[in-house]
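> Okay, here's the structure, questions in a sec.
Nothing in this text is a laboratory measurement; each read-out follows from the coordinates by a stated rule. Because the structure is a prediction, the values reported are computed rather than measured. Cβ: placed from backbone, ideal geometry, glycine included. Neighbour counts: every protein chain shown.
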Amino acid sequence: MLPSPPGPLVGAAWRVSSETAPLREVLLCPPDHYRWIPTNSIVRRTLAGENQSPATAHLQAQHRELVHAIEQGGARVHLIAPEPQLPYMAYTRDSVVVTHRGPVLCQLERPQRRGEYAPLMDWHETHGSRFWRKSSTGTLEGGDIHIIRPGLAAIGASGGRTDHAGAEQLAGWLRAEGWEVRVEDFDEHFLHLDVLFCMAAEGLAVACEDVLDPAFLGWLRDHGIRWIPVPYRDAMQLGCNILALGEGRVVSAHESTGLNAALRAEGLEVLDPALSLFTAGGGGPHCLTCPLRRDD
Ligand SMILES: NC(=O)NCCC[C@H](N)C(=O)O
């Protein structure tokens, strides 16, 4: 079935029909109150080695590099004001995901992050955008949601962050629009599906073959998507966690040297800000960004 045509626009025209279409506007949050707290296996490993969170000035410098890379890639960056009680607000991917019909409010699982819904709702209201849907059962986090292309999506359901109830609710809303949606189980050790898989460009993904179910890889192949393999060790340093800008550009962490070389070998322009302080907390360029508007 073909996806249904776009509905009437309400408020700000935040629309994303594909993770690889040219990115025009994106929401980030400065890391002024960021610190490492033990919410996932990656940051727990970091904290086991270093018990001090990085200095705010260092975090801000890396975050500014990310903002510059995205602007250099042609997108407009909006910044939401960080709140002191929400250290992980910088990972704007997780609390809201923008679809072809507009923003969907997610339902974060970790108590330390649940409050993020409030500033995000206020921000969208201030910018005249109405939520298309609000997650209201189970849990749903944006890092598990992949709008692969118009009419095709994958939602990770590890049970740790996004659970089956939350994933199936969003899947149902998209399926009612004529979309094909795959709900993909994986182990919660890996936090979000975007730690293991991200789109780089139309028809090209990056994927941790060591971990992903062969059935998922087969499903990608059947839908005409090939991938650059990323080894387990690199994936756990957020080596798969990239942001496609469209028009042959991609943002990938400077530290992901092997992947960046492979992306360049594919003919992509790689913008590579240093992001080690954020990847040590469990999130890279994909997690630190919430695309608001991409071209159709
Ligand atoms: N989409 C993502 O993978 N987001 C990263 C979130 C990391 C954050 N430290 C968390 O545990 O929620």
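> Using only the Cα atoms, what convex hull volume per residue in Å³ does the range 142-256 have?
95
> How many angstrom lie between the Cα centre of the range 66-98 and the Cα centre of the range 171-239?
The two parts, judged by their Cα centres, are 23 Å apart.
> Taking just the alpha carbons, could you work out the radius of gyration and Dmax for the range 2-115, both in angstroms?
Computed over the Cα atoms of the range 2-115, radius of gyration and Dmax are 16.5, 51 Å.
> Okay, moving on. Work through the residues other than Ile145 whose Cβ is under 9 Å from its Cβ and net out their charges, Lys, Arg +1 and Asp, Glu -1.
-2
> How many percent of DSSP beta bridges within the chain run antiparallel, rounded to 5?
Rounded to the nearest five, the antiparallel share is 50 percent.
> Per the Kirkwood formula on distinct C-alpha pairs, the Rh of the chain is how many angstrom?
Taking the inverse mean of 1/r over all distinct Cα pairs, the chain comes out at 18.7 Å.
> What spacing in nm lies between the two simple spin-label points modelled at Trp219 and Arg45, each 7 Å away from Cα in the Cβ direction?
In this crude label model, Trp219 to Arg45 measures out at 2.6 nm.
> In whole Å and largest first, what semi-axes does the C-alpha gyration tensor of the range 63-184 yield when each eigenvalue is scaled by 5 and square-rooted?
24, 18, 14
> Can you tell me the convex hull volume per residue for the range 210-296, based on C-alpha atoms, in Å³ to the nearest whole number?
113
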